[in-house]
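The values are calculated or read from the model by the stated rules, or taken from the named source; none is laboratory data. In this text, all values refer to a predicted model and were calculated from it rather than measured experimentally. Positions of Cβ are backbone-derived with ideal geometry, glycine not excepted, and every protein chain shown enters the neighbour counts. In case anyone asks, the SASA skips ligands and DNA or RNA and just uses the protein heavy atoms, side chains included. Shrake-Rupley method; radii C 1.70, N 1.55, O 1.52, S 1.80 Å.
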Amino acid sequence: MEQLIPIVNKLQDVFGAIGQSPIDLPQIVTIGSQSSGKSSVLENVVGKGFLPRGTGIVTRRPLVLQLYNTSNHSIPTSPNAISSSLRNEWGEFLHLPGEKFYSFDEIRDEIVRETDRSTGRNKGISNKSINLKIYSPRVLNLTLVDLPGITKVSVGDQPADIEDQIREMCLHYISNPNAIILAVTAGNTDLANSDALKMARSVDPEGNRTIGVLTKLDLMDPGTDASDMLNNRIIPLRRGYVGVINRGQRDISQRKSIKEGLRKEMEFFKSHPAYRSLQHRCGTTTLAKMLNSILMHHIRDCLPEIKNRITGMMADIQQELDALGTPTGDISRATLGGSLLGLLSKFAASFGNAVDGKGSSADGVEMNELYGGARISYIFNEIFGRSLMMIDPFDGLTDEDIRTAICNANGPRPSLFVPEISFDLLVRRQISRLEQPGLQCIDLVYDELQRMSSQCEPTELQRFPDLRDRMCDTVSNLLRRCVSPTQMMISNLIKVELAYINTSHPDFIGGSRAVAQLMERMSREEGVESSPNPPAAPNKSGDSDGPSTPAADHSEGDYADSHHRGGERDEKGGLMSFIFGGKKDNRRRSSIGGMGSPSNMVKLPQVPDTMRNNEMPTDRERIETEIIKSLIESYFNIVRKNFLDMVPKTIMYFLVNHSKDSIQNELVSELYKENEIADLLRETDDVAQRRRTCAEMRGLLGRALEIVNEVRDFNTFK
Ligand SMILES: Nc1nc2c(ncn2[C@@H]2O[C@H](COP(=O)(O)OP(=O)(O)OP(=O)(O)O)[C@@H](O)[C@H]2O)c(=O)[nH]1
């Protein structure tokens, strides 16, 4: 194992430095029959005697042993860890946090105590693991698992199904594909009946991660030996078998060291006639080498992926270093001027491209969502356009308001015709309502341009916060300056509309056609209801379902036709004579008549401060209201259509195109000033620091690649 320690340490160091997770080495798990020597094998592999051993069932809970190498890199210890150079090896139990065990005898005692704590003293078992961490400069970062021995007959407090319970426990650990299975069988027992081998085969049928370990070869009957087994002849395993001799119970009682045990083991195999020719299959050192080799192959299998990660990181760092460029302090004034111009042009160009839809955003959003000019188009069509079409031509205008406006336009005497002045007044009021959405649309596009400008910042700009701030200010000022004329133009669009209500617009319904339509509708309704009465007031928005475009309602042909037809209807009288005096308004008359005969002295009521029509509208008033409404709707639709067309054009001309076309000149005239260039292109300390960190990181990654290559070419058996 010792050979691997420096290599793995080097890799771990490099990974620690570059912030990557270390290689996940396989766990080594021992399984085997009771007293076959599992704990002894593990101890020898680790090189430390700290596991309880003895006859009968000793390991009664899984022991998960995590080894941490403490040689020269960060140690995962508790906060009050003492890193004494004298006491540089210690153990810590999960169930005793913060307590350090510097003596391995004490560790062994604590394992016994903790086993008894949950299983009792009478040979009970438990699948609750004991977790022990060993910190040492002489170990690999490995996890080893010692499991209770497989037994068939329950004794003491053991449950009747002890065999099944232990089997389940073992299967849990050896099923992990990252586990190397040490299937321990005592040499002096029958290999064909080895529980360990049977169990290992059930989870690793190919034998890729199983090593057969034969213990107690020193206890075999004289004249017998394990050469057939070691030669892989009895139950063949892909990785074969290793024969070992652990310290016997007497050696342990006499406190013989592991080192002494290993020496005795070597002597035994060298002097034994059957094993002399099987040295490559004998001894704890051979087992350690096999483990080494497996670990090394595992590490090598991980290397291509690690290498990929490192080269990927290197490319990123190089890219960042390129973006950070040369320190500006080292650059001549003339070159600095060129760099500044370059940055300004790059920004202006990418802003222009973003507006025109030619560029791509720095953060690559163009595949997932709309970007740049496309967002402006969305604002025009989806936000402004849709909202405008949603406006009801009679928004904020009730039939009652219209009636009052008609009365007011009439003045002291009722008019003979539908008073035009009330249409003029009301339609202006409705047209004014369009201004606000137009102005809001400017704000939306303004925000969008601001957003685009921040997305267009070249990455190099991050180095120069002063320049970045000044560029932001310049762009913001430019955009702000463009906003006022745009607002003024949008307001003017409304003013222009209000300046002249063009009732001879070809799309306008006109008075005659409005009347004609109403007549048509009334006669239709009369026909249906066979009612002699004039129709009740239709709903607020006339008889259309909602706002509709004038073009859809009345084509030019319709218009001419309607004039004609309207004229015909006029001559026929009917409704027109009803409106303009042909028919008597009975209700009004009776109401006036109700004011009493001159013979009675009537006291007039007081004149109220605020006067409104409080009677129900007369039929004539209802009809007048309907006519005014269809005039308003028709004219409003004409203006809305104009506005829908003109607002985007105005915003594009005064705000978007103007800022796009003048951004480069603006930036240069504001920021390219001989005496300010050096200040603008001064890097902040953290940029310099970042460049240093990147350079260091690049060095580290280079070193990591070297190490990875070294490990790849390393020969474990040299
Ligand atoms: N002579 C000799 N004794 C051994 C050998 N291996 C183990 N022993 C002894 O066998 C007994 C059992 O050894 P352990 O290592 O505790 O066996 P285990 O498989 O861990 O035992 P459980 O955990 O109780 O199943 C101990 O007394 C060891 O000293 C060996 O190779 N030769």
For ASP190 and VAL155, what does the FRET efficiency come to when R0 = 25 Å and r is the distance between their Cβ atoms, rounded to the nearest 0.05? 0.70
Working with all protein chains in place, sort ASP685, ASP218 by solvent-accessible area computed with a 1.4 Å probe, largest first. ASP685, ASP218
Peptides 478-485, 602-609: what's the order by average Cβ count within 10 Å, highest mean first? 478-485, 602-609
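Provide the gained length on full extension for the span ASP164 to ASP301, in nm with one decimal, where the gain is 0.36 nm per separating residue minus the Cα-Cα distance. Could the numbers behind the result be given before it?
On the way: separation 137, 0.36 × 137 = 49.32 nm, distance 3.56 nm.
Taking ASP164 through ASP301 to full extension adds about 45.8 nm, to one decimal.
Based on the Cα atoms of segment 178-246, what semi-axes does the equivalent ellipsoid have, where each is the square root of 5 times one gyration tensor eigenvalue, given in whole Å with the largest first?
Details: eigenvalues 87, 25, 21 Å².
Working through the eigenvalues yields semi-axes of 21, 11, 10 Å.
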Distance violations [Cα-Cα > 26 Å] among LYS38/LYS152; LYS38/LYS198; LYS10/LYS38; LYS10/LYS307; LYS100/LYS216: LYS10/LYS38; LYS100/LYS216
With every protein chain present, what accessible area does ARG247 have (1.4 Å probe, heavy atoms only), rounded to the nearest 10 Å²? 40
Env charge @ VAL427, Cβ radius under 12 Å, K,R +1 / D,E -1, value +1
Please work out how much accessible surface HIS172 shows to a 1.4 Å probe, ignoring ligands, DNA and RNA, in Å² rounded to 10. 130
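Which percent of the accessible area of segment 85-206 is formed by carbon and sulfur heavy atoms (probe 1.4 angstrom)? Don't jump to the answer; show the numbers that get you there.
On the way: 2710 of 5660 Å².
Result for segment 85-206: 48 percent of the exposed heavy-atom area is carbon or sulfur.
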Rounded to one decimal in nm, the spacing of the 7 Å Cα→Cβ label points at VAL496 and ARG712 is 7.2
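Multiply the residue gap between LYS641 and LEU336 by 0.36 nm, knock off their C-alpha separation, and tell me the result in nm, one decimal place. Don't jump to the answer; show the numbers that get you there.
Working: separation 305, 0.36 × 305 = 109.80 nm, distance 5.28 nm.
Gain on stretching LYS641 to LEU336: 104.5 nm.
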First measure r as the distance between the Cβ atoms of ASN88 and ASP466, then evaluate 1/(1 + (r/R0)^6) with R0 = 51 Å and state the FRET efficiency to the nearest 0.05. 0.45
Give me the extension gain from ARG481 to ASN353: residue separation times 0.36 nm, minus the current Cα-Cα distance, reported in nm with one decimal. 43.9 nm
For LYS264, go through the aspartates and glutamates and keep the ones whose alpha-carbon is under 12 Å away, minus same-chain ones fewer than eight residues off. ASP218, ASP251
Working from the alpha-carbon coordinates of segment 94-205, get Rg over Rh, Rh being the Kirkwood radius. 0.99
For LYS358, list the aspartates and glutamates whose Cα falls under 19 Å from its own Cα; do not include residues on the same chain fewer than 8 positions away. GLU366, GLU369, GLU448, GLU457, ASP661
For ASN131 and ASP105, FRET efficiency with R0 = 22 Å and r from the beta-carbon atoms, rounded to 0.05? 0.65
For the peptides 177-190, 461-474, what is the packing order when you average, over each peptide's residues, the other Cβ atoms within 10 Å and list the highest mean first? 177-190, 461-474
Which whole-number value in Å² is the accessible area per residue of segment 216-314, probe 1.4 Å? 55
